[in-house]
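Taking it in order: structure first as structure tokens, then the write-up.
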Amino acid sequence: MRRSGWLGLYAVAYLIFLYAPIIILPLFAFNDSAVIAFPLSGFTLNWFRELTGIEAMHAALRNSLFIAVMTALFSTLLGIAAARAATRYNFPLKAGIMGLIMLPLVLPEIIVAVSLLVVAVQIFGMPLSAWTVIAAHTLICTPFCIAILNTAFQNLDPALEEAAVDLGETPQSTFRLITLPLVIPGIISSLLISFTISLDEFIIAFFLTGNEPTLPVYIWGLFRFPARIPVVMALGTILVAVSIILLAIAEYYRRRGLARAGQKDTGGFL
Amino acid sequence: MFSFWTQDFLSLDTTPTLNNYREFLAEPLYQELLRRSLIIAGSVTVVTVLLAFPIAYYVSFYVRPERKSLWLFLITIPFWTSYLIRVFLWRVILGFDGVVNTALMNLGLINEPLTFILYNPNAVVITLAHAFAPFAILPIFVALERIDRSLLEASRDLGENAFNTFRRVTLPLAMPGVVASVLIVFIPTIGDYVTPRLVGGPEGLMIANMIQTQFLRLNNAPLGAALAVIAMLSVTLISLAFIWLTRKYLRAR
Amino acid sequence: MTDRNAIIDLRDVHKHYGEFHALKGISMEIAEGEFFSLLGPSGCGKTTLLRSIAGFEDISSGALMLDGADMAGVPPNKRPTNMVFQSYAIFPHLTVGENVAFGLRRKTGLSKSDKARMVDEALEMVGLVGYGARAAHALSGGQRQRVALARALILKPRVLLLDEPLSALDKKLREQMQSELRRLQRQVGITFILVTHDQEEALIMSDRIAVMFEGRIAQLASPQDLYLRPKSRDVAEFIGVMNFFEGGFQTGAAGIEMTAQGLGAARITGDQIMGSGSGTSCAVGIRPESLSILFEGETTSERIAEGVVDDLAYYGDMTYYEVRLDGMDHPLTISMKNRAGRPVLERGVRTRVAWDPRSLVVFS
């Protein structure tokens, strides 16, 4: 295209800025020194080995995985319902209601955390547990799920479902034979995205987790012990790798969904 | 959400409630924190959006269509990886014997480590500009994508040069995207307490840190809630004022 | 059409969407094996009517009989109708063959090889032999259209419903598909109901046409009757072009005497008068091809009027003249076939215009 020299350079520099932390992370994870500083002193796998021995961390990991799986399921289910309603039906105050559902996307997370803490503890008298975190994470993940699923449902021509019924299928079998296969890529990427968000989320979890910390909350605790920081780096490397793999899979399914529906690719998530 | 919120607040204070607000007014520390938070959030917004605009412009106008989604994917990846770890790594990068200082000293550009880049508001701005990058890029990108390319050709055809075309056609049409990214960066920034805690030092602490402290350390949830309400109100007012000003400005042209 | 059985019988069908009255009392019969068109501008209710027959819309009142059975409460999948959708609705995740075979899934008593044979036959019928294994989303517009036809016809419906099936195709392809659809309909003998806003398409393809305006049937007739004897000025203007004159008529002992501004008086017959109003201040209409320019030295047995060429448009095979007759304030459109030895007139020249009283229509 046209003279893109300077802008191209800037774009590359910007990408380096974006990726700097992720590139630096594994350097220290494999660095044979307890001090997080340059110069690097040598290669080691000790930090990863040490990871396997910390029981509290394993508990936090299990807790986080449970929360992330439940969050992914709940927010995707809610997302399907909302996206389906938003793309198929018109109801009064539709724009307002959809706006309200999408609001957590821009609310400061601490506000969400504090509100939910107050609601859960002061009003419902619920004890803090994995379930309060799941509720909060579902709240913040649902807008992302709706955004992804909306695209999936919008790309679905209503005439396709009518055609299936016209050709003799019942509404139930139409959903199974036509609707589901066409939106399943969207559902998979919605599940993966909400799983990733929940797994990494700290601010809200910190407020709402009871005496069973999630993995990020546990990591936050470790920051106070300088000796443990290389272990955190190792753990972080694994987490980042897992996140990137999950996202790549989500992106793959999103594109496949577009290809299946015969649509042009118009952009990424959101 | 607001009414929802206020109700929560009222229901936990069964006795008269204005005391907490009075305390906010009486204690200069809180006001100072709020003022500082708004200034930091404002700087973060300006820096992030200024840095983001050229990227969005580049991807929208110069990247080949089939490569665009790859670029967007690359831009969003860091955003999805553990926030906590990313912020911590900025401490590593900006620190006393961190990456930046080591590199600059090895290159002989500086003799002693720079200290103005960590444990102060600058560090908070850099880190948050990083964290909210995709939030700022995507709305601007979407707005730029919507611009009919023949409008730009029409402008050139009518005698404007490239720069004036950008100023008189591209920029006004991209404004809705810019407004969206300003809001989408500014509002959540106020609520962050991880970054100030990890890289901000004593001068970089923000209102959210105080809310967190009130809730979890001092067990003064009502005061924390009052602070949260005040923070939220200030953010909303500023956002509304901003939207109003841009609308007025755009209409005036 | 009394010699054939009515496959569809509508009796005072109404449809309301909240405040909006989409169908205002539709009553008609559609005969078995007929190629029937619903023609009208967008928003006239033609698609609503088609979707009501398919079962996608419930009618608010009245009765809809299909093959002698009342269709009230019968869902689309239980009706002996199949539809070709405007967007074709080809399932993008299935192959061409799977699309065509889709409706056979529910048919019991068919072996796998029976089904495969039926799919092949259906594809052959629409000229897509060998396309069975192709991915559906890679097809062109015309091919999608054919797959949609094969998919519906394989079920041998009593009625095939077509919702603007040609509107997405370009002109050449559309004309080709028009004759193919016509041929296909004669071949399978199934009743086709076509919804279209293209009057030419309706005239070319249909046995009968129902012209709809604002939820009502304005006229139901064969293409020729519709063109030559439109029941109202609205129908006349929607189907092709018609020139109008102010005029009137009087019934006397010698027959009916019509007068029109610019043309003068002439004797007409009763079937040329549409409507049952009085003979004063009527609109008198005549089609552009029923008027002709008389060139130098030509003579005619028809009536003659004189005027000036205001403007003209040269189409290659035809020339369309705008001629202002003496004493008229608006020009008439006259279409003339171009042939050897016949000049194309220039703007501003005086000319004679021949007309035949038999081609007049009077709207009272």
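The values are calculated or read from the model by the stated rules, or taken from the named source; none is laboratory data. From a predicted model like this one, the values you see are computed outputs, not experimental measurements. With ideal geometry, Cβ positions are generated from the backbone for all residues, glycine too; neighbour counts draw on all protein chains shown. Surface accessibility is based on the protein's heavy atoms, side chains included, excluding ligands, DNA and RNA. Shrake-Rupley method; radii C 1.70, N 1.55, O 1.52, S 1.80 Å.
Observations, loosely collected:
- For C:Ile7, residues with placed amide H under 5 Å, excluding near neighbours: C:Ile30, C:Ala31, C:Glu32
- Per residue of peptide B:66-78, the mean number of Cβ atoms on other chains within 10 Å of the residue Cβ is 6.
- Of the solvent-accessible surface of chain C, computed with a 1.4 Å probe over protein heavy atoms with every protein chain present, carbon and sulfur atoms account for 48 percent.
- Rounded FRET efficiency, nearest 0.05, which uses the C-beta distance separating C:Ala168 from C:Asn338 and R0 of 25 Å: 0.15
- Site pair B:Leu50 and B:Glu66 shows an inter-label distance of 3.9 nm when each label is modelled 7 Å from Cα along Cα→Cβ.
- Charge sum, other residues only, whose C-beta stays under 15 Å from A:Val231's C-beta, Lys/Arg counted +1 and Asp/Glu -1: 0
- Measuring between their Cα centroids, segment C:1-80 and segment B:63-82 lie 52 Å from each other.
- Qualifying lysines (Cα of each under 20 Å from Cα of B:Lys68; at least 8 residues distant if same chain): A:Lys264
- The relative contact order of chain C comes to 15 percent, based on Cα pairs under 8 Å that sit 6 or more residues apart.
- In chain C, the DSSP beta bridges split such that about 75 percent are antiparallel, to the nearest 5.
- Beta bridges from DSSP with both residues in the protein assembly as shown: antiparallel share about 75 percent, rounded to the nearest 5.
- Over the protein assembly as shown, accessible surface divided per residue gives 45 Å², non-protein components excluded, 1.4 Å probe.
- Size of segment C:282-337 as Cα extents on the principal axes (Å, biggest first): 35, 25, 19
- Buried solvent-accessible surface, both chains (A, B), 1.4 Å probe, Å² to nearest 100: 6200 Å²
- Antiparallel DSSP beta bridges within segment C:242-363, percent to nearest 5: 95 percent
- Cβ-Cβ FRET estimate between C:Val129 and C:Asp225, R0 fixed at 41 Å, reported to 0.05: 0.55
- Cα-Cα P(r), segment C:170-270, percent of pairs per 5 Å interval: 2, 10, 17, 16, 15, 13, 10, 5, 6, 4, 1, 0
- Label positions at A:Asp32 and C:Ala116, each projected 7 Å from the Cα along the C-beta direction, are separated by 6.6 nm.
- In range of the label at C:Leu312: residues from segment C:259-293 whose backbone nitrogen is under 13 Å from the point 7 Å along Cα→Cβ: C:293
- The Rg/Rh ratio for segment C:216-363, using Cα coordinates for both the radius of gyration and the Kirkwood hydrodynamic radius, is 0.98.
- Extent of chain C along its three principal axes (Cα atoms, max minus min coordinate, largest first): 75, 48, 39 Å.
- Calculated FRET value between B:Ala162 and A:Leu103, using beta carbons and R₀ = 51 Å, to 0.05: 0.80
- Here's the picture: a label point sits 7 Å out from the Cα of C:Thr251 along the beta-carbon direction, and within segment C:265-300 the residues with their amide nitrogen under 20 Å of it are C:266-285.
- Descending principal axes extents, the protein assembly as shown, alpha-carbon based, whole Å: 118, 72, 62
- Under 15 Å between alpha carbons - lysine pairs in chain C that sit 8 or more apart or on different chains: 8
- Spin-label model, B:Leu240 to A:Ile238: label points 7 Å out along the Cα-to-beta-carbon direction sit 4.9 nm apart.
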